[in-house]
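Below is one structure, written out as structure tokens, with a few remarks after it.
Each value in this text was obtained by applying a stated rule to the coordinates, not by laboratory testing. These numbers come from a predicted model, not from an experiment. Cβ atoms come from the backbone with ideal geometry, glycine included; neighbour counts cover every protein chain shown.
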Amino acid sequence: MNERYDAYAVAIIVTFGAIIIGGLMAAAIASGERDAFMFALGAATAAWAAGYAMFFDWARSFMGLIVLSIAMAIAATVILAF
């Protein structure tokens, strides 16, 4: 069994997360919702910083940044939906 499966899983999660957040940013630009775009940008920035936290093996920082990214993405979605 390959011990690097977790690295491949993280790469897939990060790639699809970037696609989803990028799509959320595009939807915010298309609808003209500035607040939704800023939340989506914040989600992307937090996810980007979480990559470095994972690289430096800062588990608590990684989890905090991932939670922040998820919360901001949900906020952007709610703004776009309502």
(message) Restricting to region 25-59, and then to whatever is acidic (Asp, Glu) and in a loop (DSSP other than H, G, I, E, B), can you tell me which residue is nearest to Leu80 (Cα to Cα)?
(response) Glu33
(message) Yes or no: region 10-23 includes at least one residue that is closer than 13 Å to Ile79 by Cβ, touching a residue at least 12 places away in the same chain (Cβ under 8 Å) and hydrophobic (A, V, I, L, M, F, W, C).
(response) no
(request) Check Ile21, Ile74 and return the single one that is surrounded by 13 or more Cβ atoms within 10 Å (Cβ to Cβ), part of a helix (DSSP H, G or I) and among the hydrophobic types (A, V, I, L, M, F, W, C). (result) Ile21
(request) Tell me which of these Ala50 doesn't satisfy, since it passes every other one: (1) buried (at least 18 other Cβ atoms within 10 Å of the Cβ); (2) under 18 Å from Ile79 (Cβ atoms). (result) (2)
